[in-house]
Amino acid sequence: IRLSLVGSEMCIRDRSGSDLFCSGVSLDPLTGRTLIVGGDQPNGLPDMGYNVANNNGVTYDPARRAMVREREIDAYRWYPSTATAMTGEMLVAGGGGGLGVRGTDGGWRRLAPAEAGLAEGWYPRHWVAPDGRMFGLSGSQMYFLDIQGRGTLQRAGSLPVSYTHLTLPTKRIV
C-alpha cells in the first residue's frame, strides 16, 4: 500500500490478508487509526469469473506503521461507505450490507430503521449534520439518519438526478 502525504511518500506492507479493493475507509478520531471495511475476495468458483464481497475489518495504525486485521465486520460489503459520527462511532452503509455501526469499543451493531433500503447501494454518501444525525445521499434520495440504538431514518427529499452526475462540496452540506 502506498500512502502519499504532502511532500513525502511511504510504502506499507499489508499483512492483514484482506483484499482492500472495493472497500470503505474512515479515520477514527479517537485513536488516529484508519478503519478499512469490506472489500474484495475471490468467489471460489472458477467458472464464474468475478469476485465477491468480504467481511473483513482492517485498521492502519500510524504509530506502528502497520495494517492490522480486526474482528469481522457486521456484513459482507463491496463498495461500502463509511462516515465518522460526532460520538466517534462509525457508520458503514451500502455495499450490499445495509446499515451498520462500529462502536467506540470496536464492536458492531446493525441498524434497522424503516426504509433502511434508502441508504443501500454502492457508496452512499453521509455527512454529519449540525444536530448530530447523519445527512445521507443515495442515488437521488436524501435523508437524515440517527444512528442511536437501532436507528431512525427520515426522508429529506430527492434530487432531480442521481448524485453520480453531480460534484458535491467536500465541506458542509447541511
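From Cα coordinates alone, what are the radius of gyration and Dmax values for segment 56-164 in angstrom?
14.1, 47
Which value, in Å² rounded to 10, gives the accessible area of ARG150 with a 1.4 Å probe and all protein chains present?
150 Å²
Counting Lys and Arg as +1 and Asp and Glu as -1, what is the net charge of the other residues whose Cβ lies under 13 Å from the Cβ of GLY136?
Cβ neighbours under 13 Å give a net charge of 0.
What are the residues whose amide H is under 5 Å from the amide H of ARG33, where those residues sit 5 or more places off or on another chain and H is modelled from the backbone?
ASP28
Lys and Arg at +1, Asp and Glu at -1: add these up for the other residues within a Cβ distance under 13 Å of MET86 and post the number.
-2
Could you calculate the FRET efficiency of ARG110 with VAL52 from 1/(1 + (r/R0)^6), where r is the beta carbon distance between them and R0 is 30 Å, rounded to 0.05?
Efficiency, from the Cβ-Cβ distance: 0.90.
Would you calculate the separation in nanometres between label points at GLU72 and GLN154, each defined as 7 Å from the Cα along the Cα-to-beta-carbon direction?
Here the answer is 3.6 nm between the modelled labels.
The values are calculated or read from the model by the stated rules, or taken from the named source; none is laboratory data. Model, not experiment: these values are computed from the prediction. All Cβ positions, glycine included, derive from the backbone under ideal geometry; neighbour counts span all protein chains shown. Calculation scope for accessible area: heavy atoms of the full protein, side chains included, ligands and nucleic acids excluded. Shrake-Rupley method; radii C 1.70, N 1.55, O 1.52, S 1.80 Å.
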